[in-house]
Each structure stands twice: as structure tokens, then as C-alpha cells.
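Report on the following structure.
The values are calculated or read from the model by the stated rules, or taken from the named source; none is laboratory data. From a predicted model like this one, the values you see are computed outputs, not experimental measurements. We place every Cβ from the backbone using ideal geometry, glycine too, and count neighbours over all the protein chains shown.
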Amino acid sequence: MPMPLFPRTLFSKLFFGILLAVLAAIGLQVYLMVAMPGDSHTGPLPELTRAEAKRAQRLRQVVELFADELPERDTRHPDVLEEAAGRIRALWEAQGLEVTEHEFEAHGESVRNLSVELKGTTLPDEILVVGAHYDSCAGLPGADDNASGVAAMIELSRIFASADERPARTLRFVAFTNEEPPHFQGETMGSLVEARRSAAAGEDIVGMLSLECLGYFSDEPGSQKYPAPLDAFYPDTGDFIGFVGDTSARSFVRRTIGLFREHASFPSEGIAAPDSIPGIGWSDHWSYSQVGYPAVMITDTAPFRNPNYHESTDLPETLDFERLARVTSGLAAVVDELLRG
């Protein structure tokens with residue numbers, strides 16, 4: 001005997017209703033991951049200013065100081081790693097800054113994070129951290145990864161150390177050791193040691209910017225890759241700078257990229273996604289997120305764009321220092337805004 005039509009129709013409606021609800025929920029989650037405030041710059045870049053041209057020269061000099069002269073910055077070459085720390089100290093001291101070192105042991109070697117602070121005026125207990133790791137992977141030169149991040153950090157500290165007025169919040173710059181394997185996301189990762197120290201001290205860190213691989217760009221279509229399914233939402237040309245955080249840092253990611261787009265005429269893309277997606281947690285911002293601080297990575301996306309990533313060809317001559325200067329100028333404006341409270 002044929003079944004009545006009513007139950008089958010009801011089942012179909014329920015099925016499609018549930019399917020639409022699931023698809024809507026997935027769509028909302030994707031939207032929350034990729035939707036960012038403001039508009040990315042399009043079209044030709046404005047002419048480089050004289051200040052930015054000089055900035056590009058200083059950035060090149062710092063990258064060469066590490067990638068050309070100290071191409072084995074890791075715990076397997078402790079003397080070279082120590083020399084790199086000493087050069088960062090010297091660069092900061094030349095800016096008139098007092099350097100603090102936090103020393104710890106890693107695989108039988110004594111290593112150190114270095115930091116400098118510009119104390120805030122009205123909100124000194126609220127701290128913005130800007131950091132970059134100074135070690136390189138497996139004895140490699142590491143021009144993009146991560147001498148470029150160190151160079152941008154040193155240039156940003158120069159900008160704020162020479163400013164006429166101090167901001168409301170405290171600005172802390174940190175040079176991390178041991179971001180690369182075998183320390184990555186382990187107990188001896190320098191930024192994790194530092195983040196845990198801050199958490200144990202009850203420090204009020206309002207945000208952390210991780211400067212990670214900032215100098216490689218390409219105007220060639222197809223030069224930019226992504227882990228699936230992100231390639232459906234982002235451009236395939238590697239001419240932008242990325243703002244990346246996990247879902248807990250969504251509001252901070254949106255705030256930082258929004259400020260960048262407001263102040264910088266440079267292409268930018270952002271994402272706040274689960275760190276189970278490859279690349280989302282691949283830098284020192286991961287460490288601060290682990291202890292509950294909002295953190296974002298600013299990056300050229302490293303292996304998803306740069307063919308020299310973790311190769312002996314990651315050399316200064318492969319980087320675009322003019323674009324790195326533009327990015328650094330934009331980040332200076334972002335930092336300035338975040339320090340206002």
C-alpha cells in the first residue's frame with residue numbers, strides 16, 4: 001500500500017530546513033573569519049616619500065647585519081645566536097633605550113629574550129607589545145624569516161624613541177629567541193617563555209603584534225597560495241601584507257587591520273580563524289594567545305608566497321625594501337593609535 005504523501009513532504013521540509021540552517025551557520029563562521037573593516041588599497045602605490053626612502057635604506061642595513069653576517073642564528077650555533085642578541089642590544093642602546101634581558105636555558109644553552117620599554121603617561125600599566133624573533137631556521141640566513149621582522153621592529157622603536165611626546169599606554173618591544181624548530185610551540189620557545197612571564201606577573205597586555213616575514217612581495221598572478229579553502233576568499237597575487245590571528249583575537253585583528261587601512265596606502269588582507277588551519281598560529285603571536293592575550297601576526301604569509309622560505313636562498317637581495325618601508329610606516333600609525341587607549 002502506498003505511503004501517504006504528507007510524512008514524506010514533512011521530512012523533506014525538515015531536511016532542507018536543517019541543511020539551510022547548517023549552511024547558514026557555516027557561512028556566518030566563514031564571514032566572521034574573513035570579513036575585515038575598511039578597504040584594501042588597490043591600484044598603483046603612491047610615490048615613496050623621502051622619509052620612506054631613508055627608512056628603506058635603514059631596513060636593508062639591519063637585514064644585512066643579520067642575514068649576511070650571521071646566517072646561523074640558532075641554538076646549534078650558540079655563539080652566533082649570542083652575537084645576534086648583542087647586535088640587537090647595541091642597536092637599541094644607540095637609540096638611547098635601556099635594554100632588559102630575560103635569560104633561560106634551552107637544550108643546554110643559555111639564551112635570552114631582549115626588551116625595551118617606553119613608559120606610558122596616563123595608562124602606564126596597559127602594555128602594547130611589538131615583537132619579532134631574531135633566530136633563523138637550521139643555520140639559514142633568514143633574511144625574510146625573520147631579519148625583516150627584526151628590522152621593522154628596530155625601525156619602529158627608533159620612531160617612537162625619538163618622538164616628542166610619550167603616549168598614554170606603555171610600548172614594549174621584545175626580540176624573541178627560539179621561534180624556529182626544534183623550539184617552535186614548545187617549552188623553550190622564547191615568546192612562550194616571555195608570555196608566561198607576563199601572565200605570571202599579572203601584566204595587563206592589551207595587545208601583541210608579531211612581526212613575522214615582512215619583506216617578500218610579488219606582482220605575479222598565482223604567486224600567492226593558501227591552505228584550502230581560503231583560496232576562495234583571498235587574491236592570488238602576493239602584493240599585500242597580512243594580519244592574522246586566531247578566533248579569540250578577532251576584535252584585535254579587525255582593529256589593527258582597520259587602522260592600517262585607514263592610515264596606509266598599501267594592500268592588506270586579514271583573517272581571524274581557528275589555529276588548526278595551517279599558518280594561523282605560525283609565529284610568536286601564538287604564544288601570547290596561549291595565555292589569554294590578544295595577539296596578531298603581521299606577515300607576507302611566508303611559505304604561502306616566498307619560494308625562499310626556510311631555504312639558503314632567503315637572502316637580502318630577494319626582499320623589496322621599499323615595500324617593507326611602506327608597511328613599517330603603516331605599522332607605526334597602527335601602533336600610535338593603539339597606544340592612545
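Looking at 236, 164, 219, just one residue is surrounded by fewer than 19 Cβ atoms within 10 Å (Cβ to Cβ), over 21 Å from residue 328 (Cα atoms) and either more than 14 Å from the chain's Cα centre (by Cα) or at pLDDT below 95 (or both), and that residue is 236.
Just the residues that are within 12 Å of residue 328 (Cβ to Cβ) and surrounded by fewer than 19 Cβ atoms within 10 Å (Cβ to Cβ), please, taken from the stretch 58-73. Within the stretch 58-73, just 58 meets the criteria.
Scanning the stretch 289-318 for residues that are more than 13 Å from the chain's Cα centre (by Cα) and among the small types (Gly, Ala, Ser), we see that the one that is farthest from residue 277 (Cα to Cα) is 312. One residue stands out among those in the stretch 105-139 that are farther than 23 Å from residue 77 by Cβ and among the β-branched types (Val, Ile, Thr): the one that is nearest to the chain's Cα centre (by Cα), which is 130.
The single condition among (1) touching an Asp or Glu at 6+ places or on another chain (Cβ under 8 Å); (2) surrounded by fewer than 19 Cβ atoms within 10 Å (Cβ to Cβ); (3) among the aliphatic types (A, V, I, L, M) that residue 201 does not meet is (1). Identify all residues within the stretch 298-333 that are closer than 15 Å to residue 266 by Cβ, not polar (S, T, N, Q) and not in a helix (DSSP H, G or I); write none if there are none. Listed by number, the residues that qualify are 298, 300, 320.
Would you confirm, using the coordinates I've provided, whether residue 336 is in a loop (DSSP other than H, G, I, E, B), out of contact with any Phe, Trp or Tyr (no Cβ under 7 Å at 6 or more places or on another chain) and acidic (Asp, Glu)? Walk me through it before giving the result.
Details: in a loop (DSSP other than H, G, I, E, B): no; out of contact with any Phe, Trp or Tyr (no Cβ under 7 Å at 6 or more places or on another chain): yes; acidic (Asp, Glu): yes.
No; evaluated as a whole, the condition is false for this residue.
Take the conditions (1) surrounded by fewer than 21 Cβ atoms within 10 Å (Cβ to Cβ); (2) in contact with a Gly (Cβ under 6 Å, 6 or more places away or on another chain); (3) of a type in the set (Asp, Glu); residue 125 misses just one of them, which is (2).
Could we say that residue 272 is surrounded by fewer than 20 Cβ atoms within 10 Å (Cβ to Cβ) and more than 25 Å from residue 143 (Cβ to Cβ) here? Reasoning before the result, please.
Numbers: surrounded by fewer than 20 Cβ atoms within 10 Å (Cβ to Cβ): no; more than 25 Å from residue 143 (Cβ to Cβ): yes.
No: the conditions fail for residue 272.
One line per residue, one yes/no per condition, for (1) of a type in the set (S, T, N, Q); (2) touching a Pro at 6+ places or on another chain (Cβ under 9 Å); (3) free of Cβ contacts under 8 Å to residues at least 60 places away in the same chain:
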position	(1), (2), (3)
75	yes, yes, no
97	no, no, no
101	no, no, yes
104	no, no, no
107	no, yes, no
112	no, no, no
119	no, no, yes
133	no, no, no
140	no, yes, no
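Quick one: in the stretch 275-298, which of the residues that are of a type in the set (S, T, N, Q) and at pLDDT 95 or above is surrounded by the most Cβ atoms within 10 Å (Cβ to Cβ)?
Filtering the stretch 275-298 for residues of a type in the set (S, T, N, Q) gives 276, 283, 287, 289-290.
Now drop any that are not at pLDDT 95 or above, which leaves 283, 287, 289-290.
Numbers: 283: 29, 287: 25, 289: 25, 290: 20.
Per the criteria, the residue is 283.
Looking across the stretch 115-139, the residues that are part of a strand (DSSP E or B), farther than 23 Å from residue 322 by Cβ and among the hydrophobic types (A, V, I, L, M, F, W, C) come down to 116, 118, 123, 127, 128, 129.
Results for (1) part of a helix (DSSP H, G or I); (2) more than 17 Å from the chain's Cα centre (by Cα); (3) over 26 Å from residue 255 (Cα atoms), shown as yes or no for each residue.
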{"site": "141", "(1), (2), (3)": "no, yes, yes"}
{"site": "156", "(1), (2), (3)": "yes, no, no"}
{"site": "180", "(1), (2), (3)": "no, no, yes"}
{"site": "206", "(1), (2), (3)": "no, no, no"}
